[in-house]
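Single-structure report; data block below.
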Amino acid sequence: MNGKSAIVPVPPPPAAGWQEELRGALRRAHELCAAVGVDPALGADSDFPVLAPWPLLRRIRPGDPADPILRQLLSSPEESLEVPGYGPDPLAEAAASPAPALIHKYHGRALLIATGACALHCRYCFRREFPYGAHARGRLQQALQALREAPDIGEIILSGGDPLSLDDTRLAALLTELEAIPHLHTLRLHTRFPIAIPQRVTPALLARLRASRLQVVSVVHVNHAQELDAHTATALRGLATLGPLLNQAVLLAGINDSVEALEALSRALFAQGVLPYYLHQLDRVRGAAHFAVDDARARALCAQLQARLPGYLLPRLAREEPGRAHKTLL
Ligand SMILES: *Cc1c(COP(=O)(O)O)cnc(C)c1O
Ligand code: SF4
């Protein structure tokens, strides 16, 4: 009507197995804009490249530059703004590692970076500048050795990167090594695969995890109700058969910083068998300042949320501070 012609999105490819979906993910800002039918000037390629898999892209509303999934995936010109207080290693993790792939800051539990690869790249990720090269394969053996020598660690958190980037063979080999460490009792998986590429949660994967002597806890990462659909429901229902299934979200300006969006998120998670766990304040990583919500507004949103939801659907508002032995509840 106004003389502007709509940009027609390119048609998505047919659905495939998880490894093909990962290989077929879009890796350039202009491709992502074309795929969802928005102006290519909204995107700008970055050193932390776009990684946008089709199963998630199909949940984007075509032609909407404000789409909450698109905003998490599209590298934008705003990322190159230098903002004071936003740096490359906001959590000072480099100083907390006894072995390069093991991050042991918190009592009783340690985080193992089994791989630097993810199913998608989230623009606000605090590990966007993490030196993953230094965490490569050979270092995993070093991390396992450090873990064997740390009897106070009972819970191992597989994080990343995304541990489900490892194929079933490598993951099973890692699990077998972990199961042989007598002081470990709990295995926590931090993964965004069930959201980004739900077909990763295969019956074989579930069977291997179910067979583990370790108690399994799964923590997924969903920021907006629109990220959930029938495919994620299948994947999440599968994970829920293993043990507790929790969500961590990040509070993101323009994506989920309204009481309506947060309420819808908690309800949509619950409908797929997931309980909210944390709502994180953004880590101050360079390039992500435009997603920040200040603490006063974050607290006000959570107070409003409390008036709308049962207690078990309220996430804990938290921030990670360098050098602290636990997350700081706000
Ligand atoms: C978040 C985090 C954990 C786990 O903390 P919980 O409060 O148990 O979820 C452990 N280690 C590190 C380094 C973390 O960032
Ligand atoms: S999946 Fe997690 S580790 Fe990977 S880019 Fe997103 S937030 Fe970062």
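The values are calculated or read from the model by the stated rules, or taken from the named source; none is laboratory data. Predicted, not measured: the structure shown is a model, and the values here were computed from it. Because the Cβ atoms are built from the backbone with ideal geometry, glycine has one as well, and the counts that use them run over all protein chains shown. Protein only, heavy atoms only, side chains kept; ligands, DNA and RNA dropped before computing areas. Shrake-Rupley method; radii C 1.70, N 1.55, O 1.52, S 1.80 Å.
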Just the accessible area for residue 7, please: 1.4 Å probe, Å², rounded to the nearest 10?
80 Å²
Roll a 1.4 Å probe over the protein chains and send me the accessible area per residue for the chain in Å².
43 Å²
Values of log10 I(q)/I(0), in the order q = 0.09 Å⁻¹, for the chain under a Debye, Cα-only, solvent-free model:
-0.46
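Per the helix-only calculation at 222 nm, which mean residue ellipticity applies to the chain, given -39500 (n - 2.57) for every DSSP H run of n ≥ 4 and division by its residues, nearest 500 deg cm²/dmol?
Working: 11 runs with 95 residues, N = 330.
Calculated at 222 nm, the ellipticity per residue is -8000 deg cm²/dmol.
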With all protein chains modelled, accessible area of residue 241 [1.4 Å, Å²]:
90 Å²
Segment 4-80 to segment 290-330: how many Å between their Cα centroids?
29 Å
Can you put 33, 118 in order of accessible area, largest first, using a 1.4 Å probe?
118, 33
If you fit an axis through the alpha-carbon atoms of helix 138-148 and take the longest principal axis of the Cα set of the chain, what angle between them do you get, 0 to 90°, nearest 10?
50 degrees
For the chain, find the longest principal axis of its Cα atoms and tell me its angle to the long axis of helix 168-179, 0 to 90°, nearest 10.
40 degrees
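Sorting 299, 71 by accessible area (1.4 Å probe), largest first, what list results? The partial results should precede the final answer.
Values: 299 115, 71 60 Å².
Accessible-area ranking of 299, 71, largest first: 299, 71.
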Quick one: with all protein chains in place, what share of the accessible area of segment 18-80 is carbon or sulfur, to the nearest percent (1.4 Å probe)?
54 percent
Positive dipole terminus of segment 93-329, leading residue within 291, 310, 322 (C-beta point charges):
322
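Leaving ligands and nucleic acids out of the surface, order 227, 82, 20, 31 by accessible area at 1.4 Å, largest first.
Sorted by accessible area, descending: 82, 20, 31, 227.
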Rounded to the nearest 10 Å², the 1.4 Å probe accessible area of residue 165 is 20 Å²
About its Cα centre, what dipole magnitude does segment 191-243 give when the only charges are +1 on Lys and Arg Cβ and -1 on Asp and Glu Cβ, stated in debye to the nearest 20?
300 debye
